[in-house]
Amino acid sequence: MRPVHVVGLRPSRDLCGTTEDQFADLLIRLAPLAQERLDRLADRPDRQRAPGAGRKRRPFWVRLLVALTHLRQGSTVRATGDVFGVHEKTVRRYRDEIEELLVEHGFVPPGAAGPIRTLDELADYLTALAESDGEEAVVVDGTEVARCRPYPWDEQKKAYSGKSKTHVVKATVVSNRSRRPLWVEANPTGEGRTFDVMMLRHQTALMAALAVLVAAGIIVIADKGFRGLGQDLGADSVLMPKRKPSGADYPPETRAFNKAVSQQRMPVEHAIGRMKWWKAMRYWRRHPHHFDRTAKAIGVLATFS
């Protein structure tokens, strides 16, 4: 018989992206949601299996640890399965379950009365924050994640980013001075060649939420990738760096203005950086239509770290 080496695993930032306290907090938040889903499945009218029959599930904390480790390490499902001694299909099932629960739970920025699950709740949170704390700005930015090269040539052209010089999937991230993601939404077309402003225009619900914020007097801060956004939301409601004059260098006042705008944009860069701690957001291995759920789930995780 071959010797077996047993290792005890404990939650840590290096392993699963959370400390033990953060892991316990996630466990307390997500376990009731998981039990509600299980009860709904048990009570469905077309159920044929008797209550309590079938293979028993592993404890929820095990499923959570496996899924978080998979997302933190960015490894394949087979490699994660080898670490925990389970089949790769089991890792895939755990990952999908936890991602759905995280999206269902919603974003939890510091000081929020409750999780942000919808764009209406996002608009209400930012509007209330502007009225109470005087915070009158929200920052948006696009992020790219490298992906495997698609096989058909037409798909390769659509996925190729001239900025990153590789094939990517893209998403829009919304943040404020909390430096945590408040909302994450993938490009609905799944393309990587789309400009940030065009991606946002395709995200009609998010654009409508920004319009509500602008109507409440909140400024939208963005970078040059969103040039033209002022035509949609109003020139006085969008703050972004000025372009370099044609055939000339930046005047000193323009350079100082752009530096000030960049400093105000830092919160969203830090929010994206927190998401990139999770290595599943550094290289995308799956089909683009799965990216929105994973990006939202990791955005939720970034609010806890």
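The values are calculated or read from the model by the stated rules, or taken from the named source; none is laboratory data. What you see is a predicted model, and the numbers here were worked out from it, not measured in a lab. Every residue, glycine among them, receives a Cβ derived from its backbone with ideal geometry; neighbour counts consider all protein chains shown. Side chains are part of the model used for accessible areas, which takes the heavy atoms of the whole protein and leaves out ligands, DNA and RNA. Shrake-Rupley method; radii C 1.70, N 1.55, O 1.52, S 1.80 Å.
Structural remarks
- Leading residue by the ranking (modelled with the highest pLDDT) among those in segment 1-16 that are assigned to a loop (DSSP other than H, G, I, E, B) and either hydrophobic (A, V, I, L, M, F, W, C) or surrounded by 16 or more Cβ atoms within 10 Å (Cβ to Cβ) (or both): P11
- For V108, the stated conditions do not hold, so it cannot be described as open to solvent by less than 50 Å² (accessible area, probe 1.4 Å), modelled with pLDDT of 95 or more and of a type in the set (A, V, I, L, M, F, W, C).
- In this entry, R117 passes the filter for residues that are surrounded by 13 or more Cβ atoms within 10 Å (Cβ to Cβ) and closer than 20 Å to I298 by Cβ.
- Where a residue in segment 18-39 is closer than 10 Å to F60 by Cβ and open to solvent by 40 Å² or more (accessible area, probe 1.4 Å) and its partner, wherever it lies, is in a helix (DSSP H, G or I) and among the aromatic types (F, W, Y), with Cβ under 9 Å and at least six apart: L27/F60; L27/W61; Q35/F60
- S175 passes every criterion in (1) surrounded by fewer than 19 Cβ atoms within 10 Å (Cβ to Cβ); (2) within 19 Å of the chain's Cα centre (by Cα) apart from (1).
- Filtered by the rule that a residue be buried (at least 19 other Cβ atoms within 10 Å of the Cβ) and of a type outside the set (G, A, S), segment 180-189 gives R180, P181, L182, W183, V184, E185, N187.
- When A137, A128 are checked against the criterion of being open to solvent by 20 Å² or more (accessible area, probe 1.4 Å), out of contact with any strand residue (DSSP E or B) (no Cβ under 7 Å at 6 or more places or on another chain), among the aliphatic types (A, V, I, L, M) and at pLDDT below 95, a single residue qualifies: A128.
- Matching residues in segment 140-172 - criterion: being of a type in the set (S, T, Y) and either over 20 Å from H270 (Cβ atoms) or open to solvent by 50 Å² or more (accessible area, probe 1.4 Å) (or both): Y151, Y160, S161, S164, T166
- Note on segment 267-305: among residues that are farther than 12 Å from T143 by Cβ and without any contact (Cβ under 8 Å) to a residue 12 or more places away in the chain, the one that is most open to solvent (accessible area, probe 1.4 Å) is H287.
- Across segment 236-270, the qualifying residues are those that are at pLDDT 90 or above and among the small types (G, A, S), and the one among them that is farthest from S175 (Cα to Cα) is A256.
- Counting only helices (runs of 4 or more DSSP H) that sit completely within segment 199-305, those holding 1 or more residues that are in contact with an Asp or Glu (Cβ under 6 Å, 6 or more places away or on another chain) correspond to 204-215, 252-276, 291-304.
- Scanning segment 115-152 for residues that are of a type in the set (D, E, K, R), free of Cβ contacts under 8 Å to residues at least 60 places away in the same chain, over 24 Å from A216 (Cα atoms) and in contact with a helix residue (DSSP H, G or I) (Cβ under 9 Å, 6 or more places away or on another chain) yields one hit, R149.
- Hits in segment 252-266 - residues which are open to solvent by 100 Å² or more (accessible area, probe 1.4 Å) and either on the phi > 0 side of the Ramachandran plot or among the charged types (D, E, K, R) (or both): E253, R255, K259
- Leading residue by the ranking (modelled with the lowest pLDDT) among those in segment 56-76 that are farther than 15 Å from L9 by Cβ and open to solvent by 20 Å² or more (accessible area, probe 1.4 Å): K56
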